[in-house]
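Asks: Right, I'll just put the structure down here and ask away after.
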Amino acid sequence: MEAPVTDLARRLGDTGYLCDADLATVLHLALAMHRPLLLEGEPGTGKTALAEAIAEALDQPLIRLQCYEGIDATQALYDWDFPRQILHLRALEALSGGVDGPRDVVEAEKGLYDERFLLARPLLAALQQSPAVLLIDEVDRADDEFEAFLLEVLGTFQVTIPELGTVQAATPPVVVLTSNRTRELHDALKRRCLYHWIDHPGLEREIAIVRSRAPEVSAELARQVVGVVQQLRDGADLIKPPGVAETLDWARALHHLGTTELDLGTAARSLGALVKYRDDAERVRAALDRMLTP
């Protein structure tokens, strides 16, 4: 790796996030070119954790927009604090003895739409607080209209509030979008971004991740846990194969049970930390019986 890429990978590693050369390279390019980074991959592969690590490595605030079905521009951008506006209006009426005439009405309306009553949602907050890291999480859950709105904001890094004017980021925020591929994103949004698919890590890197993120887990237990998880991903035909997050949860759970070496009984009893479907649990128990029975 070139020096800037190596340095970036090292800084991420200092936060506990271990990435490969390909991911470090595309992230370096996203930072250098001020382009959003779109991360796709299976749940639990570290997409959200990467944004958190970037914020920590750059010493910038992390602002998260969690997408969901039905989210609209108001919920992502800004809203007005209606209860405070009403209290303000009542206070004006009490002080002046009422609102009299068109001029008083205009002045009262201006006062209602002052910046002190503005509730900044994540997108506006990222523009106001920049430099910052903006995480747009699970963008695939939002609908087409919201995706088009995002495309406009990410193209200019500015928004117009009719009552106050235009807000533009002094420095473009670092933008990370994540997707679990529940639906295909539109090409227009993809063209705006640099892209990287985050896959499950290989054996040695996943062991290193467990040792880094859960140092209390013994080296032998970490290696055994990761070895089992890798086999389950490859051959157990699970509805939802465990991601790195589940590997970490399982390793920590086994540690809390006082396990230093993986055994069939403890492994089977702690599966709630590893799999989340009943059918998967049955398949994993059968697989563990084959893997761990002497």
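Asks: Identify, from the list L37, L62, the residue that is surrounded by 15 or more Cβ atoms within 10 Å (Cβ to Cβ), of a type in the set (A, V, I, L, M, F, W, C), at pLDDT 90 or above and closer than 18 Å to L189 by Cα.
Replies: L37
Asks: Shifting gears a bit: For the range 190-201, name all the residues that are surrounded by 12 or more Cβ atoms within 10 Å (Cβ to Cβ) and over 16 Å from K47 (Cβ atoms).
Replies: If the condition is that a residue be surrounded by 12 or more Cβ atoms within 10 Å (Cβ to Cβ) and over 16 Å from K47 (Cβ atoms), then R192 is the only one that fits.
To keep it simple, each residue is scored yes or no on (1) of a type in the set (A, V, I, L, M); (2) under 21 Å from E2 (Cα atoms); (3) assigned by TED's automatic domain parsing to the domain that holds L189.
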| site | (1), (2), (3) |
| --- | --- |
| L18 | yes, yes, yes |
| A32 | yes, yes, yes |
| E52 | no, no, yes |
| L62 | yes, no, yes |
| L89 | yes, no, no |
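Asks: Among what's in the range 225-234 and is within 23 Å of T182 (Cα to Cα) and not acidic (D, E), pick the residue that is surrounded by the most Cβ atoms within 10 Å (Cβ to Cβ). Walk me through it before giving the result.
Replies: Taking the range 225-234 first, the residues within 23 Å of T182 (Cα to Cα) are 232-234.
Imposing the further condition that a residue be not acidic (D, E) reduces the set to 232-233.
Working: L232: 23, R233: 15.
Top of the filtered list is L232.
Asks: Return the pairs, sorted by first residue and then second, in which the second residue is surrounded by fewer than 20 Cβ atoms within 10 Å (Cβ to Cβ) and among the hydroxyl-bearing types (S, T, Y), the first residue lies in the range 8-20 and is on the phi > 0 side of the Ramachandran plot, the beta carbons are less than 8 Å apart, and the residues are 6+ apart or on different chains.
Replies: Final answer for the pair search is G16/S212.
Asks: Name the residue, out of L23, L27, that is within 23 Å of L127 (Cβ to Cβ), modelled with pLDDT of 90 or more and either assigned by TED's automatic domain parsing to the domain that holds R141 or among the aromatic types (F, W, Y) (or both). So that I can check it myself, show each step before the final result.
Replies: Working: L23 fails: within 23 Å of L127 (Cβ to Cβ).
Going through L23, L27 in turn, just one is within 23 Å of L127 (Cβ to Cβ), modelled with pLDDT of 90 or more and either assigned by TED's automatic domain parsing to the domain that holds R141 or among the aromatic types (F, W, Y) (or both): L27.
Asks: Which one is farthest from G258 (Cα to Cα), of the residues in the range 170-198 that are polar (S, T, N, Q) and assigned to a loop (DSSP other than H, G, I, E, B)?
Replies: Per the criteria, the residue is T171.
Asks: Looking only at the range 243-270, how many residues end up being out of contact with any Ser or Thr (no Cβ under 8 Å at 6 or more places or on another chain), surrounded by 18 or more Cβ atoms within 10 Å (Cβ to Cβ) and among the aliphatic types (A, V, I, L, M)?
Replies: Residues meeting the conditions: 4.
Asks: Quick test of your reading of the structure: V167 fulfils all but one of (1) in a strand (DSSP E or B); (2) closer than 25 Å to D22 by Cα. Name the failing condition by number.
Replies: It fails just one condition, (2).
Asks: Looking at the range 169-184, can you tell me whether even one residue there is surrounded by 14 or more Cβ atoms within 10 Å (Cβ to Cβ) and more than 19 Å from the chain's Cα centre (by Cα)?
Replies: For the range 169-184, residues surrounded by 14 or more Cβ atoms within 10 Å (Cβ to Cβ) and more than 19 Å from the chain's Cα centre (by Cα): present.
Asks: Further question: When you check F146 against the structure, is it without any contact (Cβ under 8 Å) to a residue 40 or more places away in the chain and among the aromatic types (F, W, Y), yes or no?
Replies: no
The values are calculated or read from the model by the stated rules, or taken from the named source; none is laboratory data. Just so it is clear, the structure is predicted and the values come from calculations on it, not from any experiment. As a convention, Cβ positions derive from the backbone with ideal geometry for all residues, glycine included, and neighbour counts pool all protein chains shown.
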